[in-house]
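The values are calculated or read from the model by the stated rules, or taken from the named source; none is laboratory data. Just so it is clear, the structure is predicted and the values come from calculations on it, not from any experiment. FYI the Cβ positions are ideal-geometry reconstructions off the backbone, even for glycines, and counts take in every protein chain you see.
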Amino acid sequence: MAGFMVVMATFLLAGLVKGVIGLGLPTVAVALLGLVMTPMEAAALLVVPSLVTNVWQLAAGTNLKRLMHRLWPMMAGICIGTMLGAALWSGSDARHATAALGVALILYALSGLLSIRLSFPAGSEPWLSPTVGAATGAVTAATGVFVMPAVPYLQALGFSREDLIQAMGLAFTTSTVALAAGFAYQGSLHSGTAGGSLLALLPALAGMHIGQWVRTVVRPETFRKCFFAGLLAIGMHLALKGLF
């Protein structure tokens, strides 16, 4: 019962974060659940809440067709990287996965706290998009976290705020579907896991609703800094836990 309450509270908080700043549900859920279970167990619970909330985010924009035309090489890279990563990481030591999750969270938190913005030479997108996609897929397969290096790369492409949010929704939806396929390949996506993931959808949606209200009374930038600071602390803990 205690474990069930931890999962429900985690997805409530993760949904709240996504409701305030438009991202962070998978990252927060995997980061917090990674403290009490393996990253892959946490990521398996994430499949339904992540898919539903990211499709919601994806459908809210108005330029999906144009974004899919531009970003399809990145989406293809995510799928290939995730499936290859799932095969590579299958049966690996859980401590290594925990350490990898910690490192991914640290890098993401630092990029947010330091407001790092990347830039790329003109003409590099045709080869860089599938490369970033494949790297994101590999990180997703290892840690269950979708954000690195996809989010910094998308931020560097110069999208408007609305298009950026929709592009992240597209990337996260693709990552979720590819991760679910990876779990199916490993044989770890069974009825018990699917049922737990479906139950986790309810607090995630409730958290998003609360977060949308919080956004009206708290500056998103202040909340974002607290979010990244918390991720940094959790990432350092997980990295040390996995290494020692």
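Filtering Ala171, Ala181 for residues that are buried (at least 21 other Cβ atoms within 10 Å of the Cβ), touching a helix residue (DSSP H, G or I) at 6+ places or on another chain (Cβ under 8 Å), assigned to a helix (DSSP H, G or I) and small (Gly, Ala, Ser) leaves a single hit, Ala171. Of the residues making up the stretch 210-227, at least one is over 30 Å from His69 (Cβ atoms), touching a Leu at 6+ places or on another chain (Cβ under 6 Å) and surrounded by 19 or more Cβ atoms within 10 Å (Cβ to Cβ).
State whether the residues of the stretch 184-197 include one that is under 14 Å from the mean Cα position of the chain (by Cα), modelled with pLDDT under 90 and under 21 Å from Thr82 (Cβ atoms). No, because not a single residue in the stretch 184-197 is under 14 Å from the mean Cα position of the chain (by Cα), modelled with pLDDT under 90 and under 21 Å from Thr82 (Cβ atoms).
Restricting the stretch 1-19 to residues that are closer than 21 Å to Ile165 by Cβ and surrounded by fewer than 24 Cβ atoms within 10 Å (Cβ to Cβ) leaves a set whose member that is modelled with the lowest pLDDT is Gly19. Taking Gly81, is it in contact with a Ser or Thr (Cβ under 8 Å, 6 or more places away or on another chain), modelled with pLDDT of 75 or more and within 15 Å of Gly144 (Cα to Cα)? Yes, satisfied. Quick check on the stretch 195-216. Is at least one of its residues more than 30 Å from Pro73 (Cβ to Cβ) and assigned to a loop (DSSP other than H, G, I, E, B)? Yes, the conditions are met somewhere in the stretch 195-216. Looking at Leu105, Leu164, Leu118, Leu114, which one is buried (at least 21 other Cβ atoms within 10 Å of the Cβ) and modelled with pLDDT under 90? That would be Leu105, the only listed residue that is buried (at least 21 other Cβ atoms within 10 Å of the Cβ) and modelled with pLDDT under 90.
For Ala156, state whether it is of a type outside the set (S, T, N, Q), out of contact with any helix residue (DSSP H, G or I) (no Cβ under 9 Å at 6 or more places or on another chain), over 22 Å from Ile80 (Cα atoms) and touching a residue at least 12 places away in the same chain (Cβ under 8 Å). In short, yes.
The residue pairs whose first member lies in the stretch 20-37 and is in contact (Cβ under 8 Å) with a residue 12 or more places away in the chain and surrounded by fewer than 22 Cβ atoms within 10 Å (Cβ to Cβ), whose second member is of a type in the set (Lys, Arg) and in a helix (DSSP H, G or I), and whose beta carbons are closer than 7 Å, counting only pairs six or more residues apart or on different chains, are Ile21/Arg224.
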